[in-house]
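A.B. asks: Okay, handing you the structure first.
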Amino acid sequence: MAIPVRIRKKDKYKGSVTPSDFNVETDIINLGSQDDDFILEGQISLQNMEANDEVELRIYIAVDGTNRVLSDKMTFSGVQDIPVVRIPSITLDRDAKPRVTIKQTAGSTLKSFPYCFIVQVMEVI
């Protein structure tokens, strides 16, 4: 039997992040437990990357509700033809504690990376 749900609240995380140094994993979003199951979706812009730049995006999820483990990893080099990386919506358990990071591993200068994430917390109606 299907259980009807709706979005109870929506939180937006929008800004820009610049790693503190090369090869330093830097949080873009780092969430704790939510009130209920939730949907996470976002975009990260690599529009500021230049020819010699390289970055790595990582996504961690605590499937067991406690220990975050690597869920996905993407590496990008040079100027991007399509600079917006979309993190597709994913429905997560209330205690999945997702974390998305960026690490700039190469380039002449550290770059700034704009981002926008939306968290939609559900509830049973």
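Listed here are the residues, each with its yes/no results for (1) closer than 19 Å to Lys9 by Cα; (2) of a type in the set (Phe, Trp, Tyr).
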| residue | (1), (2) |
| --- | --- |
| Val63 | no, no |
| Thr66 | no, no |
| Asp72 | no, no |
| Ile90 | yes, no |
| Lys97 | yes, no |
| Val100 | no, no |
| Ala106 | no, no |
| Phe113 | no, yes |
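A.B. asks: For segment 72-125, which positions are among the acidic types (Asp, Glu), part of a strand (DSSP E or B) and within 20 Å of Tyr60 (Cα to Cα)?
C.D. replies: Asp72
A.B. asks: Can you confirm whether segment 96-108 contains a residue that is exposed (fewer than 14 other Cβ atoms within 10 Å of the Cβ) and hydroxyl-bearing (Ser, Thr, Tyr)? Steps first, answer last, please.
C.D. replies: From segment 96-108, those exposed (fewer than 14 other Cβ atoms within 10 Å of the Cβ) are 106, 108; that's our starting set.
Those still in the list that are hydroxyl-bearing (Ser, Thr, Tyr) too: 108.
Yes, that holds for at least one residue.
A.B. asks: Now for a different question. Just to verify a result, which residue in segment 116-125, among those that are under 18 Å from the mean Cα position of the chain (by Cα) and open to solvent by 40 Å² or more (accessible area, probe 1.4 Å), is farthest from Asp53 (Cα to Cα)? Show your work before the answer.
C.D. replies: Applying the first criterion (under 18 Å from the mean Cα position of the chain (by Cα)) to segment 116-125 yields 116-121.
With open to solvent by 40 Å² or more (accessible area, probe 1.4 Å) added as a condition, the list becomes 118, 120.
Working: Ile118: 27, Gln120: 33 Å.
Here the answer is Gln120.
This table checks each residue for (1) in a strand (DSSP E or B); (2) open to solvent by less than 20 Å² (accessible area, probe 1.4 Å); (3) closer than 21 Å to Phe22 by Cβ.
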| residue | (1), (2), (3) |
| --- | --- |
| Ser33 | no, no, no |
| Gln47 | no, no, yes |
| Val55 | yes, yes, yes |
| Thr66 | no, no, no |
| Leu70 | yes, no, yes |
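A.B. asks: Here is a further query. Which residues, counting only those in segment 79-95, are within 28 Å of Glu50 (Cα to Cα) and open to solvent by 30 Å² or more (accessible area, probe 1.4 Å)?
C.D. replies: Listed by number, the residues that qualify are Val79, Gln80, Asp81, Ile82, Pro83, Val84, Arg86, Pro88.
A.B. asks: Given Phe22, Phe38, Phe76, which one is surrounded by 15 or more Cβ atoms within 10 Å (Cβ to Cβ) and either farther than 23 Å from Ile118 by Cβ or free of Cβ contacts under 8 Å to residues at least 40 places away in the same chain (or both)?
C.D. replies: Answer to the check: Phe76.
A.B. asks: Oh, and also: Examine segment 15-27 for a residue that is of a type in the set (Asp, Glu) and in a strand (DSSP E or B), and state whether such a residue exists.
C.D. replies: At the first step, the residues of segment 15-27 found to be of a type in the set (Asp, Glu) are 21, 25, 27.
Remaining after also requiring in a strand (DSSP E or B): 27.
So far as segment 15-27 goes, yes, one or more of its residues are of a type in the set (Asp, Glu) and in a strand (DSSP E or B).
A.B. asks: May I pose another question? Against the condition at pLDDT 95 or above and closer than 30 Å to Met1 by Cβ, how does Ala106 come out, does it pass?
C.D. replies: So Ala106 fails the test.
The values are calculated or read from the model by the stated rules, or taken from the named source; none is laboratory data. Keep in mind the model is a prediction, meaning the values are calculated, not measured. All Cβ positions, even for glycine, are placed from backbone atoms using ideal geometry, and neighbour counts span all protein chains on display. Calculation scope for accessible area: heavy atoms of the full protein, side chains included, ligands and nucleic acids excluded. Shrake-Rupley method; radii C 1.70, N 1.55, O 1.52, S 1.80 Å.
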